[in-house]
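The values are calculated or read from the model by the stated rules, or taken from the named source; none is laboratory data. What you see is a predicted model, and the numbers here were worked out from it, not measured in a lab. Cβ sites come from the backbone with ideal geometry, for glycine too, and all protein chains shown count toward neighbours. Each accessible area value is taken on the protein alone, full model and side chains, heavy atoms only, with ligands, DNA and RNA left out. Shrake-Rupley method; radii C 1.70, N 1.55, O 1.52, S 1.80 Å.
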Amino acid sequence: MKRRQALAQARTVLAGNNIDDASIEGEILLRHVLGISRARLFADLDGDVSPHQEKTLMELVARRVRGEPASYITGRREFYGLDFIVNPHVLIPRPETELLVEKAINLCRKNSYSKIADIGTGCGVVAISLAVNLPEKTIYAIDISSSALEVARENCRIHKTLDRVILLEGDMLEPLPGPVDLIIANLPYVRGTDISNKGELSFEPRLALDGGEEGLDKIKKLCLQAGKKLCKNGSLLLEIGQGQAEALKNDLHNIFPSALIEVERDLAGIERMVCLSLT
Ligand code: GLN
């Protein structure tokens, strides 16, 4: 079979089973099986796919149809232009989180921040993207899950950031040795009841998703600790879920009465990020 036919077959099965982005996902799975880049695939769509590769491809397509995310099948995910390793011990990075990284880079440059803490680092995408783009800074990357930190360590190795990303195991800000200029966090914020209702989330670690009844339990816990671990003029950047901005803004006003608080929307128009700056 030719690559062109294998691609069409994978895409047709995925689309027929209502998988969003069937076209991209079919391509990702085929490239994974062939072990080639996008450029090489499209440069030679008439190349051969062996019967063994075809069988493997259709097995992977079947796993995807059963709901397993493509990133867990391939073990890879792109984030902020970099390639990362993922596995079921970590949340799959979402494109919305790139918004936080961009904001953090701007804040660090504008305010000459030097110390950053990424809380709930998971596979390390936020900390490592910051380290790659801000070569002078020190970044503490904290997670309560030792298996997530192993993935983050491997990603640090791949991106050669092990010297500046300091991986610490523990709860929220507790392992931090001292105050930092910026705290950035994509903590679990999905409402507990929404996790079981959403099939696609059931493959991801509950620990990385479950934010309690209203989804804000973990984020609030971090906010209560943040005062002691933020330097003067420091900032706190938080990713949030749909409909959570107002409640969180109220809490932050109570904890930090004179701070400046901004909310930013993601590309889908959803309020996705809360940025607090101490004044
Ligand atoms: N953005 C993820 C989702 O809605 C949740 C990530 C998180 O809880 N931090 O599927």
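Express the carbon and sulfur contribution to the solvent-accessible surface of the chain as a percent, rounded to the nearest whole number, probe 1.4 angstrom.
Summing carbon and sulfur atoms, their accessible area is 49 percent of the total for the chain.
Between Met1 and Glu200, what's the calculated FRET efficiency when r is the beta-carbon distance and R0 is 45 Å? Round to 0.05.
According to the calculation, E is roughly 0.90.
In Å², what does the accessible area per residue of region 194-272 work out to with a 1.4 Å probe?
With the other protein chains kept in place, region 194-272 gives 55 Å² per residue.
Where does the longest stretch of the chain lie that holds no trypsin sites (Lys or Arg not before Pro) found in a DSSP loop with 13 or fewer other Cβ atoms within 10 Å?
Counting at most 13 other Cβ atoms within 10 Å as exposed, the longest clean stretch of the chain is 67-159.
Which ³J(HN,Hα) values, rounded to whole Hz and listed in residue order, are derived for region 52-61 from phi using the Karplus coefficients 6.51, -1.76 and 1.60 in 6.51 cos²θ - 1.76 cosθ + 1.60 with θ = phi - 60°, glycine and proline given as x?
For region 52-61, the Karplus-derived couplings read 5, 5, 4, 5, 4, 4, 5, 5, 5, 4 Hz, x marking Gly and Pro.
Could you point to the residue in Ser202, Gly234, Gly178 farthest towards the positive end of region 175-252's charge dipole, with +1 and -1 charges on the Cβ of Lys/Arg and Asp/Glu respectively?
Of the candidates, Gly178 comes out farthest on the positive side.
Relative contact order for the chain: what is it in percent, counting Cα pairs under 8 Å that are at least 6 residues apart?
14 percent
Dipole size in debye (nearest 20) for the chain around its Cα centre, Lys and Arg Cβ +1, Asp and Glu Cβ -1?
520 debye
Give me, ordered by chain and number, the residues 5 or more places off Leu230 or on other chains with an amide H under 5 Å from its own placed amide H.
Distant-sequence amide H within range of Leu230: Val180.
Tell me which GluC sites (Glu not before Pro) from region 128-181 have a DSSP coil assignment and no more than 11 other beta carbons within 10 Å of their own.
Glu136
Tell me which residues come under 5 Å, amide H to amide H, from Arg272 once H is placed; ignore anything under 5 positions away on its chain.
Amide H to amide H, under 5 Å and 5 or more residues apart or across chains, Arg272 pairs with Glu264, Arg265, Asp266.
Can you list the HN-Hα couplings for region 144-152, worked out from phi with the Karplus curve (6.51, -1.76, 1.60; θ = phi - 60°), rounded to whole Hz and with x for Gly and Pro?
7, 9, 5, 6, 5, 5, 4, 5, 4
Of Ser145, Val190, Leu224, which is farthest on the positive side of the dipole of the chain, counting Cα position, with +1 on Lys and Arg Cβ, -1 on Asp and Glu Cβ, and the Cα centre as origin?
Ranked along the dipole, the leading option is Ser145.
Kindly state, to the nearest 0.05, the FRET efficiency for Ala39 paired with Thr279, given R0 = 51 Å and r defined as their beta-carbon distance.
FRET efficiency, Ala39 to Thr279: 0.55.
Per residue of the chain, what 222 nm ellipticity follows from adding -39500 (n - 2.57) for every DSSP H run with n ≥ 4, rounded to the nearest 500?
Calculated from helices alone, the mean residue ellipticity at 222 nm is -13000 deg cm²/dmol.
Placing unit charges on C-beta atoms (Lys and Arg positive, Asp and Glu negative, everything else neutral), compute the dipole magnitude of region 73-186 about its Cα centre in debye, rounded to 20.
Dipole magnitude for region 73-186 comes out near 340 debye.
Using the Karplus curve 6.51 cos²θ - 1.76 cosθ + 1.60 with θ = phi - 60°, what ³J(HN,Hα) values do you get for each residue of region 179-188, in whole Hz, with x for Gly and Pro?
x, 10, 7, 9, 10, 10, 8, 10, 7, x
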